[in-house]
Amino acid sequence: MSKALFEYVLRLGDDSLILGQRLSEWCGHGPILEEDIATTNIALDLIGQATTLLEYAAHLEGKKRSADELAFLRIDREYKNLLLVEQENGDFGKTIMRQFLFDAYRKLLFEKLLSSSDEHLAAIAEKSLKETKYHLKHSSEWVIRLGDGTEESHERVQDSLNELWRYTGELFFEDEVDTELKGSGVIPDVSDIQDKWNELVMNVLAEATLTIPNDNWQFDGGRVGKHSEHLGYLLSVMQYMQRAYPNMEW
Amino acid sequence: MVDTNQIWKYLEEVSDPEIPVLTVNDLGIVRNVSIEGGLCKVTITPTYSGCPAMKRIEDDIIEKLKDKGIENVKVDLVLSPAWTTDWITENGRQKLLEYGIAPPQDEVDKSVLFAEPTNVPCPKCSSSNTRMISQFGSTACKAHYQCNECMEPYDYFKCLK
Ligand SMILES: [Zn+2]
């Protein structure tokens, strides 16, 4: 049980860590000052969630590996984040679309994890849910503003949706880790989340005058460590300091 | 040996490094104080997961109590029940207002996606003719507003429930 739970918590922690790192790339490059601040604030929340989750994962693993070692000293195949979160930022519209698709999933997942039989996981969900609601409000408002905006903004954000849609099936990926944890009431059944996610996403996309692509080919692999080419580049930046100056702290 | 009431009083002297007018007590982040077998344990809870002030607050508490002659101090961090702006004291709200930061208002639940932004009166002239500039402000706990009457740009300590 604790091995499955370690794996599960690592997956959630890696989602937060990798997306937090991606969003932090906007620091100093936001399209307007307010959004520069918003994306980096959201990045900060996500890195905070990653810290709590990876500390818990390190504890569950029981091998004296610290949260920092988990964050900075694994190789790409050992990261278990969703493919969606490692995708490149692209323009602001693509970043917002990626964020929206993820926030909607995260909010629904944390709501369900509030009643997890694992008390610590429930506590992390309780803390993170409040922040995630804010993120979702921010990202969904921008999706609507850009989708239902000018011809240019509509076209760009529609292109982003077309490109990112193929990574959304993986949000509901399940394997033996999930089966084991579902059995003991630690995590919810993803089908509960999937229906609500579809409804929420369809509502916002409709408001934004956006349509989901016809091509429904879906990728997965992130949850078992098979990543897109983008993760390696991200890790080389993220891990640089720890690799160049082992055990450094600040 | 001091008692827990005395410790609570000492904590009145520890302020939030980012909003120095607020003490840790005003913020409502100190959840418990206990003394057992000579060990003084202070339990705090973070405002936001990534709040960079938490480590500093922890160090400040230890240092403050050391100054008061209490050497054996441990600060524990708990996540549940999760912090809410409802725990900011009345006194704390008043101090925020005087400092120029609008205190948290009662808000509709964030899960209502299409709601209008909360009306937040101006801390300078009290007008409610104000507008939200950005949902995110200078720190994770604040949003950015501007007054349409006196033009004052200000931070709003946003409601977290
Ligand atoms: Zn005013």
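Taken over the stretch A:143-177, the residue count meeting the criterion of being among the hydrophobic types (A, V, I, L, M, F, W, C), surrounded by fewer than 23 Cβ atoms within 10 Å (Cβ to Cβ) and over 14 Å from the mean Cα position of the chain (by Cα) is 3. Restricting attention to the stretch B:44-62, the residues being of a type in the set (Val, Ile, Thr) and in a loop (DSSP other than H, G, I, E, B) number 2. Selection over the stretch B:122-161 of residues that are among the small types (Gly, Ala, Ser) and either open to solvent by 10 Å² or more (accessible area, probe 1.4 Å) or within 11 Å of the ligand (Cβ to nearest atom) (or both) gives a count of 5. When you check A:Leu60 against the structure, is it of a type in the set (A, V, I, L, M, F, W, C), open to solvent by less than 50 Å² (accessible area, probe 1.4 Å) and farther than 21 Å from A:Arg156 by Cβ, yes or no? Yes, satisfied. Here B:Leu77 meets each of (1) surrounded by fewer than 18 Cβ atoms within 10 Å (Cβ to Cβ); (2) touching a residue at least 12 places away in the same chain (Cβ under 8 Å); (3) not assigned by TED's automatic domain parsing to the domain that holds B:Leu39; (4) not basic (Lys, Arg) with one exception, condition (3).
If I ask for residues that are crowded, with 17+ Cβ neighbours inside 10 Å and either modelled with pLDDT under 95 or within 12 Å of A:Ile75 (Cα to Cα) (or both), which ones from the stretch A:221-236 would you list? Scanning the stretch A:221-236 gives A:His227, A:Leu231, A:Leu234, A:Leu235.
Hey, could you check the stretch B:110-121 for residues that are more than 9 Å from the ligand (Cβ to nearest atom) and buried (at least 16 other Cβ atoms within 10 Å of the Cβ) and say which is modelled with the lowest pLDDT? Give the derivation first.
Just the residues of the stretch B:110-121 that are more than 9 Å from the ligand (Cβ to nearest atom), to begin with: B:110-120.
In the following step, the residues that additionally are buried (at least 16 other Cβ atoms within 10 Å of the Cβ) were identified as B:110, B:113, B:117-118, B:120.
Details: B:Lys110: 56, B:Leu113: 63, B:Pro117: 80, B:Thr118: 83, B:Val120: 93.
Among them, the one singled out is B:Lys110.
Taken over the stretch B:133-155, the criterion of being closer than 21 Å to A:Ala43 by Cβ and either within 11 Å of another protein chain (Cβ to nearest Cβ) or of a type outside the set (Asp, Glu) (or both) is satisfied by B:Ile133, B:Ser134, B:Gln135, B:Phe136, B:Gly137, B:Ser138, B:Thr139, B:Ala140, B:Cys141, B:Lys142, B:Ala143, B:His144.
Of all the listed residues (A:Gln21, A:Gln49), the sole one being under 15 Å from the mean Cα position of the chain (by Cα), within 14 Å of chain B (Cβ to nearest Cβ), over 20 Å from A:Ile75 (Cα atoms) and buried (at least 19 other Cβ atoms within 10 Å of the Cβ) is A:Gln49. Scanning the stretch A:180-193 for residues that are open to solvent by 30 Å² or more (accessible area, probe 1.4 Å), closer than 18 Å to A:Val85 by Cβ and in contact (Cβ under 8 Å) with a residue 40 or more places away in the chain turns up nothing. Just a yes or no: is a residue in the stretch B:36-52 modelled with pLDDT under 95, surrounded by 15 or more Cβ atoms within 10 Å (Cβ to Cβ) and away from every other protein chain (no Cβ under 11 Å)? Within the stretch B:36-52, none of the residues are modelled with pLDDT under 95, surrounded by 15 or more Cβ atoms within 10 Å (Cβ to Cβ) and away from every other protein chain (no Cβ under 11 Å).
Screening A:Ala122 on (1) surrounded by 24 or more Cβ atoms within 10 Å (Cβ to Cβ); (2) within 14 Å of chain B (Cβ to nearest Cβ) shows it passes everything except condition (1).
If you go through the stretch B:101-122 one residue at a time, do you hit one that is small (Gly, Ala, Ser), out of contact with any helix residue (DSSP H, G or I) (no Cβ under 7 Å at 6 or more places or on another chain) and away from chain A (no Cβ under 14 Å)? Break it down stepwise before answering.
In the first step, residues of the stretch B:101-122 are kept if they are small (Gly, Ala, Ser); the result is B:102, B:111, B:115.
In the following step, the residues that additionally are out of contact with any helix residue (DSSP H, G or I) (no Cβ under 7 Å at 6 or more places or on another chain) were identified as B:102, B:115.
Going one step further and asking which of them are away from chain A (no Cβ under 14 Å), we end up with B:102.
Scanning the stretch B:101-122 turns up at least one residue that is small (Gly, Ala, Ser), out of contact with any helix residue (DSSP H, G or I) (no Cβ under 7 Å at 6 or more places or on another chain) and away from chain A (no Cβ under 14 Å).
Taking the stretch B:85-108 as the range and being open to solvent by less than 70 Å² (accessible area, probe 1.4 Å) and free of Cβ contacts under 8 Å to residues at least 40 places away in the same chain as the test, the residues that pass are B:Arg93, B:Leu97.
Yes or no, residue by residue, for (1) open to solvent by 10 Å² or more (accessible area, probe 1.4 Å); (2) in a helix (DSSP H, G or I):
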{"position": "A:Glu7", "(1), (2)": "yes, yes"}
{"position": "A:Ser16", "(1), (2)": "no, yes"}
{"position": "A:His29", "(1), (2)": "yes, no"}
{"position": "A:Ile42", "(1), (2)": "no, yes"}
{"position": "A:Glu55", "(1), (2)": "yes, yes"}
{"position": "A:Leu84", "(1), (2)": "no, yes"}
{"position": "A:Thr95", "(1), (2)": "no, yes"}
{"position": "A:Gln99", "(1), (2)": "no, yes"}
{"position": "A:Phe102", "(1), (2)": "no, yes"}
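In the condition set (1) open to solvent by less than 50 Å² (accessible area, probe 1.4 Å); (2) more than 14 Å from every other protein chain (Cβ to nearest Cβ), A:Val204 is compliant with all but (2).
Starting from the stretch A:1-16, keep only residues that are among the hydrophobic types (A, V, I, L, M, F, W, C) and modelled with pLDDT under 95, then list their pairs with residues that are open to solvent by 10 Å² or more (accessible area, probe 1.4 Å) and not in a loop (DSSP other than H, G, I, E, B) whose Cβ atoms are within a distance under 7 Å, requiring at least 6 positions of separation or different chains. Every condition considered, the pairs that remain are A:Met1/A:Glu180.
The values are calculated or read from the model by the stated rules, or taken from the named source; none is laboratory data. Owing to the predicted nature of the structure, the values given are computational and were not obtained by experimental measurement. Reconstructed Cβ throughout: ideal geometry from the backbone, glycine too, with neighbour counts over all protein chains shown. The accessibility values were calculated without ligands, DNA or RNA, using every heavy atom of the protein model including side chains. Shrake-Rupley method; radii C 1.70, N 1.55, O 1.52, S 1.80 Å.
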